[in-house]
Amino acid sequence: MKILFAASEAYPLVKTGGLGDVIYSLPRALQKEGAEVRVILPAYRLVLEQMSQLHIAGWLQVQGAGRMHDVRILETSDRHLGVPLLLVDAPALFDRPGNPYLHPDGYNWHDNAERFTVFSRAVARLSGNADLLEWKPDVVHCHDWQTGLVPALVSLEAEPPASIYTIHNLSYAGVFSHEEFERLDLPREWWSTHLMEFFGNFSMLKAGIIFADHITTVSPTYAEEIQTPGFGYGFDGVLRAMKHKLTGILNGIDQEVWNPATDSYLPYHYSLKHHYMAGKRKNKEALLRQSGLEPSEQDLDTPLAGFIGRLVEQKGIDLLLDALPALMDKHDLRLVVLGSGEHHFENALRELAALYPERVLVTLGYSEELAHRIEAASDLFVMPSRFEPCGLNQLYSLRYGTPPVVHAVGGLADTVVDATPENIEAGRATGFVFDHPSPEALTGALERALELYRQPNTWRRLVRTAMSQDFGWTHSARQYMELYERVSAVRA
Ligand code: ADP
Ligand code: GLC
């Protein structure tokens with residue numbers, strides 16, 4: 001089974017969120033199941049800078065917005081991903097500073113429609129014939145709006161492979177104007193409400209939904225939620241119509257990258273077998289020192305709550321900001337935050353840190369190392385997301401013995417078991433779950449957590465159960481393998 005993974009980011013080369021983690025970890029898991037996987041990414045400047053061995057596999061002429069691009073297809077024998085990597089090199093579009101989607105000043109690149117159409121056209125050509133790579137996939141597996149056009153574009157190829165389209169986040173829909181559609185020279189007949197048109201514009205995500213042989217999303221609960229108006233972002237109707245080809249498959253995590261027993265970012269290692277409570281406490285001490293504190297024993301007894309994430313409404317950071325002052329005034333609690341995103345959230349966090357010095361510790365920016373240290377050092381992890389397709393941080397938290405406090409949506413509902421008295425008694429509880437996205441409900445869940453934290457035996461049991469969960473990829477990778485077999489058999 002030959003699979004081409006097309007996406008806009010992949011850890012450790014270029015990552016803005018969980019998509020990057022999945023494009024690193026799922027191909028490796030599929031490889032273990034016997035698949036032959038290659039990953040294809042745009043040749044961003046940042047990615048090229050990390051390559052030491054590159055060679056040109058060939059050239060393609062690709063239509064952009066009112067102009068043609070001479071595109072180089074690069075292959076590398078660097079093993080950053082653990083599977084072969086291909087790059088679509090169109091310097092006018094990708095040789096830039098900043099992140100994959102944004103100018104360094106924080107706004108969307110003005111030509112994102114052209115950038116990801118050119119990328120998608122190149123992917124479709126390489127998937128639809130073996131001339132250039134002497135390799136042709138049985139399935140092209142595309143991810144998020146940036147590759148939404150691929151299933152449509154491969155349908156124009158002489159020998160199209162089967163296509164799978166995975167929705168990681170419906171709120172980023174790749175919506176562009178009619179004028180853009182014309183400049184990109186996409187087939188006229190695709191401009192139809194049955195195909196790509198979306199409320200007077202067109203959506204690359206909708207193209208993926210309509211044209212793919214099968215659609216997946218990243219948790220069973222999110223697969224149901226997106227068929228309702230509250231979570232559908234305008235796509236609920238089309239998703240209901242397509243539900244015969246929609247499956248929710250839960251994301252896994254890479255258990256080597258995220259392993260508290262070996263994690264090279266951690267000052268102290270620990271595991272279920274070795275000193276997990278003491279190990280976490282030492283990591284807490286190190287993190288507080290790193291933040292400029294001289295922690296006393298009492299400081300180490302104070303529960304530390306962690307938050308890591310993109311500072312956008314999805315993540316419910318506003319709920320946390322609203323709930324915090326009263327919580328901080330009432331309880332002995334410390335909070336550590338790592339994130340970047342919308343300026344008003346960044347400013348509000350700065351203000352909170354100034355209001356509660358030494359108790360609210362905020363780092364604005366992106367740091368893989370600090371993210372690992374926070375997972376290990378925290379006693380609790382806060383994830384009050386309004387919606388969460390899967391969420392990886394709660395899974396990392398479970399593995400690091402940091403019970404997550406989550407809103408019961410999407411993948412959070414599928415992976416965290418609330419610490420009710422019955423669930424604790426039955427040895428099932430792994431965290432704290434609340435039902436309504438409100439500061440009050442979040443406060444209630446955090447207060448339940450703080451109360452249990454003061455009962456060391458129960459708390460230890462909760463931590464143990466959390467750390468014993470297995471959210472590795474094996475099960476989900478097998479579900480993808482079955483799906484690949486099914487869709488490629490229909491194609492053949
Ligand atoms: P999403 O993909 O919606 O951002 P996930 O929970 O699936 O949410 O994945 C987020 C990933 O990005 C995790 O690996 C998390 O550690 C990482 N991450 C998010 N923000 C930061 C940050 N500021 N610094 C380091 N890592 C971050
Ligand atoms: C998205 C979602 C997140 C998910 C990640 C990887 O960015 O917001 O919930 O875990 O993709 O699938």
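The values are calculated or read from the model by the stated rules, or taken from the named source; none is laboratory data. All of these numbers come straight from a predicted model, not from anything done at the bench. So basically every Cβ, Gly included, is an ideal-geometry build from the backbone, and we count neighbours across all protein chains shown. Please note that ligands, DNA and RNA were not included when accessible areas were found on the heavy atoms of the full protein model with its side chains. Shrake-Rupley method; radii C 1.70, N 1.55, O 1.52, S 1.80 Å.
Which one is most open to solvent (accessible area, probe 1.4 Å), of the residues in region 111-144 that are under 23 Å from Gln479 (Cβ atoms) and not in a strand (DSSP E or B)? Checked region 111-144; the qualifying residue most open to solvent (accessible area, probe 1.4 Å) is Asp138. Listed by first and then second residue, the pairs linking a residue in region 159-173 that is open to solvent by 10 Å² or more (accessible area, probe 1.4 Å) to a residue that is of a type in the set (A, V, I, L, M, F, W, C), with Cβ atoms under 6 Å apart and 6 or more places separating them unless they lie on different chains, are Pro160/Val154; His168/Leu19; His168/Val218; Tyr172/Trp145; Ala173/Trp145; Ala173/Leu205. Tell me, please, whether a residue that is away from ligand 2 (no atom under 16 Å from the Cβ) and in a helix (DSSP H, G or I) can be found in region 10-22. Scanning region 10-22, I find no residue that is away from ligand 2 (no atom under 16 Å from the Cβ) and in a helix (DSSP H, G or I), so the answer is no.
When Leu272, Leu205, Leu250, Leu287 are checked against the criterion of being touching a Ser or Thr at 6+ places or on another chain (Cβ under 9 Å), assigned to a helix (DSSP H, G or I) and at negative phi, Leu287 stands alone in meeting it. The selection criterion, being assigned by TED's automatic domain parsing to the domain that holds Ile73, of a type outside the set (Val, Ile, Thr) and without any contact (Cβ under 8 Å) to a residue 24 or more places away in the chain, holds for Glu182. Scanning region 213-238 for residues that are open to solvent by less than 50 Å² (accessible area, probe 1.4 Å), under 21 Å from the mean Cα position of the chain (by Cα) and either of a type in the set (Ser, Thr, Tyr) or away from ligand 2 (no atom under 16 Å from the Cβ) (or both) gives His214, Thr216, Thr217, Ser219, Thr221, Tyr222, Gln227.
For region 392-415, which residues satisfy the criterion of being open to solvent by 10 Å² or more (accessible area, probe 1.4 Å), part of a loop (DSSP other than H, G, I, E, B) and within 13 Å of ligand 1 (Cβ to nearest atom)? Within region 392-415, Leu392 is the sole residue that qualifies. For region 354-376, a residue qualifies if it is more than 12 Å from ligand 1 (Cβ to nearest atom) and either in contact (Cβ under 8 Å) with a residue 12 or more places away in the chain or open to solvent by less than 20 Å² (accessible area, probe 1.4 Å) (or both), and the qualifying residues are Leu355, Tyr356, Glu358, Arg359, Val360, Leu361, Ala376.
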